Amino acid sequence: MYTSLTDRRSFIKKMAVLSAMTAAAAMFPGILFAEEQEAKIPNSENLDWKKAPCRFCGVGCGVLVGIENGKAVAVKGDPKSSVNKGLCCVKGYHSVMAMYGKDRLTKPLVKKNGKYVETSMQEALDLIASKMKETIKDYGKDAVSIYGSGQWTIPDGYVASKLFKGCIGTNNVEANARLCMASAVTGFMTSFGIDEPMGCYDDIDHANVFVLWGNNMAEMHPVLFSRILDQRLKRGVKVIDFATRTTRTSMASDKSIIFKPNTDLAVANAICYEIINNGWVNKSFVEKHCTFKKGLTHMGFGLEDKYAFTDKPELIDFEAYKTFLKDYTPEKVEKISGVSAKDIKYMASFYGDPNQKVMSLWCMGMNQHTRGTWINNLVYNIHLLTGKISTPGNSPFSLTGQPSACGTVREVGTLTHKLPHGVVTNAEHRAHAAKIWDVPVENIDPKPTYHTVEMFRALDRGEIRFMWIQVTNPMVTMPKLKRYRDATKKEGRFIVVSDIYPTPTTDIADVILPSAMWVEREGMYGNSERRTQYFEQMVEPPGEAISDTWQLVEVAKRLGFEKQFYYKKETHVEEIYNEYKKHHEGKKHAMAPLEVLKSQPGAQWPYVDGKSTKWRFNSKYDPACSNGEAFHFYGNPDGKAVIWQRPYEHAPEEPDNDYPFWLNTGRVVEHWHTGSMTRRIPVLHQAMPHGYVELNPEQAKVMGINTGDKVKLTTRRGEIILPASVNERGVPEVNHVFVPFFDEGMLINELTLDAFCPISKQPDYKKCAVKVEKV
Ligand SMILES: Nc1nc2c(c(=O)[nH]1)N[C@H]1C(S)=C(S)[C@@H](COP(=O)(O)OP(=O)(O)OC[C@H]3O[C@@H](n4cnc5c(=O)[nH]c(N)nc54)[C@H](O)[C@@H]3O)O[C@H]1N2
Ligand SMILES: Nc1nc2c(c(=O)[nH]1)N[C@H]1C(S)=C(S)[C@@H](COP(=O)(O)OP(=O)(O)OC[C@H]3O[C@@H](n4cnc5c(=O)[nH]c(N)nc54)[C@H](O)[C@@H]3O)O[C@H]1N2
Ligand code: SF4
Ligand SMILES: [Mo]
């Protein structure tokens, strides 16, 4: 499958003798090493090397970008970065090439009589501002909206929130992280009252056992996975892959355990049953630091417009919780999940053994789940019952996907209900934000408006008339795509898209703005371990492209908010960051000063007394702990974490006679999401040139399907034809298929379902029912 394998294989062979980490590289051609990268670069000593966080995934590797004659020509892992210690994966290594695709957008384009016409940036910005004014006048402020991204820099998201929430006064601010991290956020909020992981990547160096709860780290978080494999070589740690499909991660793990979709809920409960039944509960920890709660069940799936849900949490006691778990004995759960009682007990035994330090890791398998909040809660339950939390190596760790999903979406608060610090529904939080934003507090609407899926539904219904889309490609990545694409094309809708390349989303735009990407501008990202990282502008953007931040500032000024958007072009990133920092002052969330971010590969908040905080809620490490105990879960008013009673429930659509397969979707190591950047990098494109449908090998044989044969997939929403892939990358179970979503020529989201978790509103792209036919 890797056409460029020979090239990389010769590197890897050479490296095999050189590095302890090479096991990872040999198994996963994605991983390359610092020295190797340098070897490939001619005259690398003549390059000007500057530090930046990687443009791609949420691992947030520190990289050094090599500049020559005003062009970024090379990347190597930054040996000074504690995140990746000089490592880099294929995407990071080739990331600079993403800036130099032949068809970069360089001029604003305005649609006139169905054709795109080049205009000047000033004219395009004037048009956007006047359209916004007109829409607000005709339809009210909640008719304008912005849809952004976890790939926004911190300044991008911050000015978007300030303009829409603070100045215009609408909570129509959402980001694609709703499709990605929302269940992680509501999981944290319901269990701990405060967002983001308590632990950090150093946990990898301390844990003995790693349980992956449905994420394909070998392909999606390759550098972190190689750090885990490195620990296996050094210390003999165990890796257990708990998943619905056999992936490269499963193949590299010590044990692969496959479960039926959605039944992770039942297995997590069974593990808790085992912990209690075997007397493995850390009683003093639970008594001091935990409460027990239950919420509503059978909440539905958000399939209907204007669906609303509010949970009604109720305190329960340990005995009630224990009684509830009787439905989840390993034997009963074996029947539900397909995981043997023996394997359930095996997993439980590591969590239950006080001598094992366990790190649980997860990403989209748990978040893209119609009970995503619940499954997040349930994994925390396991760590709370055993007291394996907030200490080095004992760590429930929710991984982020995008480079600044934490930084720009969760911390800046670019979701409808959020403010940079706190939520719109809280009067104190509104007053705090209004003061820093220099706007009347009444401007900030106390009611959230639309989460992402509902925002597109509102566009369809006509409640929203103007949408500005930045750094995201929703016409590839929204579920049940047809409805939402048709919505953008309706009469009387005005869509602005800022991007760097033409995409299916720019295809539906009324105005296309060319953006400056990554090191063509200055900014910051925030990664999975609460690390904020700064990058300077290193090269000039092409043509008239400008940063997303500056596009927003210019439009804000045209809308009459000169006072709030006083920033000077030369210094705006510094001014914006310093203003943003004020929102988070205090020991629980303080951000590092810009000078610190400029001088080192990032800092982890809370940044207090000149120090990053590595483990939160543990008084040994976290200066915000104040209850005099070893642990303090200060996110909740009582200082305690919550153990939740959450049952197993079915997925909204399961295979039946008409649609007998499960459709699972996701990613591949070579490509970044919709491929807009990585498909313009020749080596990555050649390695994985098109989409495919992956089938179970035995079943494919019975169906007479070989690799490359055309297969038609049909769901209740649509159909597509794709080439088959058998025994190439991953192995789905019988009656399951897997399709990656990077290929805009084979839009799998035409088929997916827009059901979501009622608490987080995050859609489930991992499960729906599909018919599979050879054509
Ligand atoms: N190369 C590359 N790396 C990336 C990205 C990329 O596009 N390309 N994107 C980044 C982003 S934004 C993200 S969000 C991450 C995603 O990272 P991952 O979550 O690791 O990747 P996915 O392919 O979305 O999901 C794969 C997993 O979903 C699991 N799954 C399916 N159904 C269920 C279920 O019912 N329960 C559970 N628990 N698991 C289930 C499968 O077992 C499988 O391991 O990757 C990031 N890294
Ligand atoms: N079927 C299916 N669908 C999914 C998922 C899944 O697992 N399965 N996963 C979901 C998840 S977790 C995620 S995170 C989303 C990701 O979905 P998207 O965010 O929609 O996908 P990207 O390809 O990352 O889109 C980023 C866009 O920004 C552009 N771009 C790059 N740099 C810049 C810049 O500096 N400025 C501007 N303005 N534009 C820039 C790129 O060219 C690209 O078009 O997909 C979601 N959709
Ligand atoms: S692991 Fe992620 S952050 Fe690190 S180099 Fe690869 S894509 Fe970039
Ligand atoms: Mo994501």
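Just to be sure I understand, how many residues within segment 608-622 are closer than 22 Å to residue 528 by Cβ, in a loop (DSSP other than H, G, I, E, B) and in contact with a strand residue (DSSP E or B) (Cβ under 8 Å, 6 or more places away or on another chain)?
Total satisfying the criteria: 5.
Restricted to segment 189-226, and to residues that are within 20 Å of residue 613 (Cα to Cα) and aromatic (Phe, Trp, Tyr), which residue is farthest from ligand 3 (Cβ to nearest atom)?
Here the answer is 192.
Give the residues of segment 557-584 that are under 25 Å from residue 131 (Cβ atoms), free of Cβ contacts under 8 Å to residues at least 40 places away in the same chain and part of a helix (DSSP H, G or I), sorted by residue number.
Residues satisfying the conditions are 557, 569.
Does any residue of segment 317-337 turn out to be assigned to a strand (DSSP E or B) and at negative phi?
Of segment 317-337, the ones assigned to a strand (DSSP E or B) are none.
No: zero hits.
Could you please find all residues in segment 98-151 being more than 16 Å from residue 510 (Cα to Cα) and of a type in the set (Gly, Ala, Ser)?
Answer for segment 98-151, where residues must be more than 16 Å from residue 510 (Cα to Cα) and of a type in the set (Gly, Ala, Ser): 98, 101, 140, 143, 148, 149, 150.
Output the residues belonging to segment 485-509 that are in contact with a Phe, Trp or Tyr (Cβ under 7 Å, 6 or more places away or on another chain) and touching a residue at least 40 places away in the same chain (Cβ under 8 Å).
494, 496
Kindly provide the set of residues from segment 459-486 that are assigned to a helix (DSSP H, G or I) and within 20 Å of residue 762 (Cβ to Cβ), ordered by number. So that I can check it myself, show each step before the final result.
Going through segment 459-486, the residues assigned to a helix (DSSP H, G or I) turn out to be 459-461, 474-477, 481-486.
Passing the criteria: 459, 460, 474, 475, 476, 477, 481, 483, 484.
Could you check, for segment 144-154, whether at least one of its residues is out of contact with any Gly (no Cβ under 9 Å at 6 or more places or on another chain), part of a helix (DSSP H, G or I) and among the aliphatic types (A, V, I, L, M)?
no
Given the conditions (1) at pLDDT below 95; (2) within 15 Å of ligand 3 (Cβ to nearest atom), report the number of the one that residue 113 does not fulfil.
The number of the failed condition is (2).
Can you confirm whether residue 264 is more than 16 Å from ligand 1 (Cβ to nearest atom) and either closer than 30 Å to residue 652 by Cβ or crowded, with 23+ Cβ neighbours inside 10 Å (or both)? Break it down stepwise before answering.
Values: more than 16 Å from ligand 1 (Cβ to nearest atom): no; either closer than 30 Å to residue 652 by Cβ or crowded, with 23+ Cβ neighbours inside 10 Å (or both): yes.
For residue 264, the condition - more than 16 Å from ligand 1 (Cβ to nearest atom) and either closer than 30 Å to residue 652 by Cβ or crowded, with 23+ Cβ neighbours inside 10 Å (or both) - is not met.
Within segment 267-281, work out how many residues are polar (S, T, N, Q) and buried (at least 20 other Cβ atoms within 10 Å of the Cβ).
Within segment 267-281, residues that are polar (S, T, N, Q) and buried (at least 20 other Cβ atoms within 10 Å of the Cβ) number 1.
Okay, residues lined up against (1) more than 16 Å from ligand 3 (Cβ to nearest atom); (2) part of a strand (DSSP E or B):
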position: 346; (1), (2): yes, no
position: 351; (1), (2): yes, no
position: 365; (1), (2): yes, no
position: 378; (1), (2): yes, no
position: 389; (1), (2): yes, no
position: 395; (1), (2): yes, yes
position: 400; (1), (2): no, no
position: 413; (1), (2): yes, no
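Go over the candidates 93, 158 one by one and state the one that is at negative phi, in contact (Cβ under 8 Å) with a residue 40 or more places away in the chain and in the same structural domain as residue 59 (by TED's automatic domain parsing).
Values: 158 fails: in the same structural domain as residue 59 (by TED's automatic domain parsing).
Of 93, 158, the one residue that is at negative phi, in contact (Cβ under 8 Å) with a residue 40 or more places away in the chain and in the same structural domain as residue 59 (by TED's automatic domain parsing) is 93.
Count, please, the residues in segment 215-231 that happen to be within 16 Å of ligand 4 (Cβ to nearest atom) and of a type in the set (D, E, K, R).
Looking only at that region, the number is 1.
Given the conditions (1) surrounded by fewer than 24 Cβ atoms within 10 Å (Cβ to Cβ); (2) within 18 Å of residue 763 (Cβ to Cβ); (3) aromatic (Phe, Trp, Tyr), which single one is not true for residue 456?
Of everything listed in (1) surrounded by fewer than 24 Cβ atoms within 10 Å (Cβ to Cβ); (2) within 18 Å of residue 763 (Cβ to Cβ); (3) aromatic (Phe, Trp, Tyr), residue 456 misses just condition (1).
How about segment 177-274: which helices (runs of 4 or more DSSP H) wholly inside it have at least 1 residues that are within 16 Å of ligand 2 (Cβ to nearest atom) and under 30 Å from residue 295 (Cβ atoms)?
Values: elements: 182-192, 217-220, 222-235, 248-252.
Qualifying helices (runs of 4 or more DSSP H): 182-192.
Tell me, yes or no, whether segment 314-323 has at least one residue that is surrounded by fewer than 16 Cβ atoms within 10 Å (Cβ to Cβ), among the hydroxyl-bearing types (Ser, Thr, Tyr) and modelled with pLDDT of 95 or more.
Yes: one or more hits.
Do we have residue 385 as of a type in the set (A, V, I, L, M) and within 16 Å of ligand 2 (Cβ to nearest atom) here?
Details: of a type in the set (A, V, I, L, M): yes; within 16 Å of ligand 2 (Cβ to nearest atom): no.
Criteria not met by residue 385.
Only one of these is within 16 Å of ligand 1 (Cβ to nearest atom), surrounded by fewer than 23 Cβ atoms within 10 Å (Cβ to Cβ) and not hydroxyl-bearing (Ser, Thr, Tyr): 232, 227. Name it.
On inspection, the qualifying residue turns out to be 227.
List, please: which pairs have Cβ atoms under 7 Å, are six or more places apart or on different chains, and start with a residue in segment 356-381 that is within 20 Å of residue 753 (Cβ to Cβ) and of a type in the set (S, T, N, Q) and end with one that is in a strand (DSSP E or B) and within 16 Å of ligand 2 (Cβ to nearest atom)?
Taking only residues 6 or more apart or on different chains, the pairs are 368/763; 370/756.
The values are calculated or read from the model by the stated rules, or taken from the named source; none is laboratory data. Here the structure is a predicted model, which is why all the values come from computation and not from measurement. Positions of Cβ are backbone-derived with ideal geometry, glycine not excepted, and every protein chain shown enters the neighbour counts.
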